[in-house]
Amino acid sequence: MFDAAARHLNFRLAAEELNLTQGAVAQQVRRLETELGHKLFLRQARGLSLTDTGRRYHNPVRQALALIEDATNSLVPAEQKVTLSVPPSFAAKWLVPRLPDFEATHPGIELRILAEEALSDFKHDGIDLAIRLGPRPSDLDLQSECLSPLDMVAVTSKNVALTLKDTPTLESLTKHTLIQDGHHYWDQLLRNAGLTTQKRLLQFNQTALAMDAAMNGLGIALVPQIFLGNPSLQQVWLTPAIKDAGFYVVWPRRKAPNPARKTVVNWLLSQRGDVY
């Protein structure tokens, strides 16, 4: 109970994780503080914070519980369930269209998908795998494989494509409505080239929405090439290469061996013709 409360810094969330009442968790933590003779938490209006003593105590406690979990998993293998965290647009435009193949080839594995932008905490979030966009992870506690480099392409509907030159340039594209997502790739390209859009710039917070807008003829979207596959979208321009960035499959190096997780990693990489 102390560990859960220390991770969440909230008795209610700790109780939900443990399927207990908030009062039971708070009572047991108070009892622990009494037995230790040290205050572990500061109770505040908006939650909890660890005292210096509580912080020092939690680190080895968390490590000890992780050792117990790993030892147990080595004797009683976990069910064939894998939780995969992916960005929402990656889930919508790349993963979901491929899930029928996974279901057909690996019917014994239950693949749970969490579509979220936040970085995963493998120690506390119950995540087995994650796919993230950016440079290769440098954390020594993580293993990673590149699923795809970040190749950006300009796409639009077939009707809008007919209004473009046969070989459009970045400058000629600025004469059309541009659509970008939360990564602001159009802004970066135009700024680096000393250009500004001559029409409006439509802004969406997710790549999937920018692609849908382009598909409906609202303008030209700049998206990762790996997301293409919809025949309603036509590629009209390829950006200069973006170095040291891509979509990476990431998982913890020191977690107990998980055959199901390895199977999912291999399946993901097989979509680019590779395994690890």
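The values are calculated or read from the model by the stated rules, or taken from the named source; none is laboratory data. Just so we're clear, the structure is a prediction, and the values are computed from it rather than from any experiment. Methodologically, a virtual Cβ is constructed for each residue, glycine included, from the backbone with ideal geometry; neighbour enumeration extends over all protein chains shown.
Restricting to strands (runs of 3 or more DSSP E) lying wholly in the stretch 100-189: which have 2 or more residues that are within 30 Å of residue 69 (Cβ to Cβ)?
110-115, 129-134, 142-149
Do we find that residue 105 is in the same structural domain as residue 199 (by TED's automatic domain parsing) and modelled with pLDDT of 90 or more in this structure?
In short, no.
Please return the ranges of strands (runs of 3 or more DSSP E) entirely within the stretch 190-276 where 1 or more residues are more than 28 Å from residue 179 (Cβ to Cβ).
Because the criterion is at least 1 residues that are more than 28 Å from residue 179 (Cβ to Cβ), the strands (runs of 3 or more DSSP E) in the stretch 190-276 that meet it are 246-252.
In the stretch 216-245, what residues are in contact (Cβ under 8 Å) with a residue 24 or more places away in the chain and out of contact with any helix residue (DSSP H, G or I) (no Cβ under 9 Å at 6 or more places or on another chain)?
Hits for the stretch 216-245 are 216, 225, 241, 244, 245.
When the stretch 249-276 is examined, which residues are found to be at pLDDT below 85 and touching a Lys or Arg at 6+ places or on another chain (Cβ under 9 Å)?
255, 276
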